[in-house]
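The values are calculated or read from the model by the stated rules, or taken from the named source; none is laboratory data. Small disclaimer: the values here were computed from a predicted structure and weren't measured. Cβ atoms come from the backbone with ideal geometry, glycine included; neighbour counts cover every protein chain shown. Keep in mind that these areas ignore ligands, DNA and RNA; they rest on the heavy atoms of the full protein, side chains included. Shrake-Rupley method; radii C 1.70, N 1.55, O 1.52, S 1.80 Å.
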Amino acid sequence: MSDKLIIGGHEFSSRFILGSGKFDLDLINAAVEHAGAEIVTLALRRVNSFSGNILEHIPAGVTLLPNTSGARTAEEAYKIARLAREAGCGEFIKIEVIHDSKYLLPDNYETAKACEMLAKDGFIPLPYMYPDLNAARDMVNAGAAAIMPLAAPIGSNQGLATKQFIRILIEEIDLPIIVDAGIGKPSQACEAMEMGAAAIMANTAIATAGNIVEMAKAFKHAIIAGRTAYLAGTGRVLDKASASSPLTGFIRE
Amino acid sequence: MVIVNGEPKEAAGMTVLELLSSMQLKPERTAVMIGDEILSKPDYGKVLTDGETVEIIGFVGGG
């Protein structure tokens, strides 16, 4: 069965997007391999000397998804995206516009504006957003290629705190919904996939795990399990019991 | 003096390519801003002049 994740016309077999932050460079390659990730996020910053080029630690063939972290306005996000393209990162861009340093919550309004500027300039924008249906619709209209609602604050590992609102986005938005930020455990990734999320983006859950490679594997399997369950259609829920064994032919006498 | 990533540097008279090379950075995986303008790759032969502000941007780990 062919079940591809399609973002901006590009096909992916894996539904696990891995962030590359907080890792020792030496561990990134193994984490990506064991996660089976085909998309890896990166950030752009000032570089001052050759202190280890992260690109050399990401397996060949992986699609790079630079983010606009550090941007506080749509204009800043647009500039970072153009820098990413100039640095050879292609057209995919994860829009992150944040000016709240305590909870790192995205600014949906500026994010939608950035989406429009970037889509017009030929980028494939993937906006990181607070799961609000109206804002998501604005981003769709602005040219988003997927919507990336947060499950919980970035790096918190709190899990699906916004579950019911992500569910609304899945119901109402025709683009892939990629749950991003806050997923702390494979079970939470599986749960999001079961309810119809198109993919999971995780970073801290893996980077801060006791064993990075094993956790990358666990996430991979959980995401596949959740996707398979979603496609299969989960069984019904009843208030009372419904016997699984026949209610006739009892061995009494 | 040229201000490179916020720090003064003896880079006046160098081209952008020479500056990147001195920093052991690969031009194809680096972006450069002069003042507020993004410099496109064909212009990396530009000679830096005294007082210019240069930003050298590259990829780092991020989520």
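In the set (1) open to solvent by 50 Å² or more (accessible area, probe 1.4 Å); (2) within 14 Å of chain B (Cβ to nearest Cβ), A:Asn211 fails one condition alone, (2). If you scan region A:30-70, which residues turn out to be buried (at least 22 other Cβ atoms within 10 Å of the Cβ) and of a type outside the set (A, V, I, L, M)? Across region A:30-70, the qualifying residues are A:Thr41, A:Pro66, A:Asn67, A:Thr68, A:Ser69. Residues that are within 14 Å of another protein chain (Cβ to nearest Cβ), open to solvent by less than 60 Å² (accessible area, probe 1.4 Å) and of a type outside the set (Val, Ile, Thr) number at least 2 in the following strands (runs of 3 or more DSSP E) confined to chain B: B:31-34, B:53-61. Beta carbons closer than 8 Å, at least 6 apart along the sequence or on distinct chains, pair a first residue in region A:121-142 that is free of Cβ contacts under 8 Å to residues at least 60 places away in the same chain and open to solvent by less than 10 Å² (accessible area, probe 1.4 Å) with a second that is among the small types (Gly, Ala, Ser) and not in a helix (DSSP H, G or I) for A:Pro125/A:Gly143; A:Pro125/A:Ala144; A:Pro125/A:Ala145; A:Pro127/A:Ala144.
Scanning region A:71-89 for residues that are surrounded by 18 or more Cβ atoms within 10 Å (Cβ to Cβ) and of a type in the set (Gly, Ala, Ser), we see that the one that is farthest from the other protein chains (Cβ to nearest Cβ) is A:Ala74.
Set side by side, the residues A:Ala222, A:Ala189 differ, and just one is touching a helix residue (DSSP H, G or I) at 6+ places or on another chain (Cβ under 8 Å), closer than 26 Å to A:Asp132 by Cβ and modelled with pLDDT of 95 or more, which is A:Ala189.
Considering only residues that are more than 12 Å from chain B (Cβ to nearest Cβ) and within 20 Å of A:Tyr128 (Cβ to Cβ), look in region A:40-70 and name the one that is nearest to the chain's Cα centre (by Cα). Ranking the qualifying residues of region A:40-70, first place goes to A:Thr63. For first residues located in region A:198-212 and without any contact (Cβ under 8 Å) to a residue 40 or more places away in the chain, partners that are open to solvent by 10 Å² or more (accessible area, probe 1.4 Å) and part of a helix (DSSP H, G or I) and lie 6+ apart or on another chain with Cβ distances below 9 Å form the pairs A:Ala209/A:Met215; A:Ala209/A:Ala218.
Assess whether A:Tyr109 counts as being under 16 Å from A:Pro149 (Cα atoms) and open to solvent by 50 Å² or more (accessible area, probe 1.4 Å). Against the criterion (under 16 Å from A:Pro149 (Cα atoms) and open to solvent by 50 Å² or more (accessible area, probe 1.4 Å)), A:Tyr109 qualifies. Please work out which residue is nearest to A:Ser69 (Cα to Cα), limiting yourself to region A:1-29 and to residues that are open to solvent by 30 Å² or more (accessible area, probe 1.4 Å), of a type in the set (Gly, Ala, Ser) and modelled with pLDDT of 90 or more. Ranking the candidates gives A:Gly8 first. Here A:Ala161, A:Ala202, A:Ala216 are screened, and the one residue that is surrounded by 21 or more Cβ atoms within 10 Å (Cβ to Cβ), closer than 16 Å to A:Pro149 by Cβ and at pLDDT 95 or above is A:Ala202.
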